[in-house]
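What follows is a single structure, written as structure tokens, with notes after it.
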């Protein structure tokens with residue numbers, strides 16, 4: 001029998017562990033921005049494949065409004081907006097299943113939107129990275 005628990009996942013931003021996630025099955029998403037390969041088929045039916053050097057990607061995650069990660073990410077964003085650019089590195093690890101995600105040389109797209117009301121709201125952060133490597137394990 002195989003099992004999975006979100007409790008066995010870690011997301012680090014510049015070495016700082018993010019905690020206090022929003023609820024849901026998609027609170028951490030990592031994706032490449034473009035295809036790794038494209039093709040062209042000539043009039044004679046012969047296909048040529050172009051392998052892209054573009055390995056850029058996005059890391060999107062949602063924290064609860066009470067998460068201390070919001071303060072940390074806000075400070076990085078403020079420094080970036082005021083000329084003290086600090087490249088952002090993102091590491092994800094499923095310590096039980098083995099999935100890995102690694103994003104290097106990135107930036108925070110913008111501060112998370114601020115929504116407040118009677119309940120607990122989330123803050124969604126997007127980090128764009130120059131290179132995103134994804135390694136999937138053999139299973140849970």
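The numbers here are math on the coordinates, done by the rules we state, and not lab data. Worth saying up front: this structure is predicted, and the values here are computed from it rather than measured. Every residue, glycine as well, gets a Cβ built from its backbone with ideal geometry; the counts of neighbours run over all protein chains shown.
Numbers at a glance
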item: Share, in percent, of DSSP beta bridges within the chain that are antiparallel, nearest 5; result: 100
item: Highest-MSF residue in the chain out of 94, 22, 113 [GNM, Cα springs under 10 Å]; result: 113
item: Between the range 1-71 and the range 106-140, the alpha-carbon center distance in angstrom; result: 9
item: Mean separation of Cα contacts under 8 Å (6+ apart) over length of the range 6-135, as relative contact order %; result: 30
item: Using alpha-carbon coordinates, inclination of helix 68-81 to the longest axis of the chain, degrees; result: 70
item: Highest-MSF residue in the chain out of 110, 123, 96 [GNM, Cα springs under 10 Å]; result: 96
item: Ellipticity estimate at 222 nm from DSSP helix runs (n ≥ 4, -39,500 (n - 2.57)) divided over the chain, nearest 500; result: -3000 deg cm²/dmol
item: Sites residue 110 and residue 14 - FRET efficiency at Förster radius 22 Å, r taken between beta-carbons, to 0.05; result: 0.80
item: Full-extension gain in nm, residue 53 to residue 66, via 0.36 nm per residue minus C-alpha separation; result: 0.8 nm
item: Relative pair counts by distance (%), Cα atoms of the range 1-122, 10 Å bins; result: 11, 34, 29, 15, 8, 3, 0
item: GNM result for the chain, Cα springs below 10 Å: residue of 108, 28, 51 fluctuating most strongly; result: 51
item: Cα convex hull of the range 80-140 - mean projected area over all directions, nm²; result: 6.1
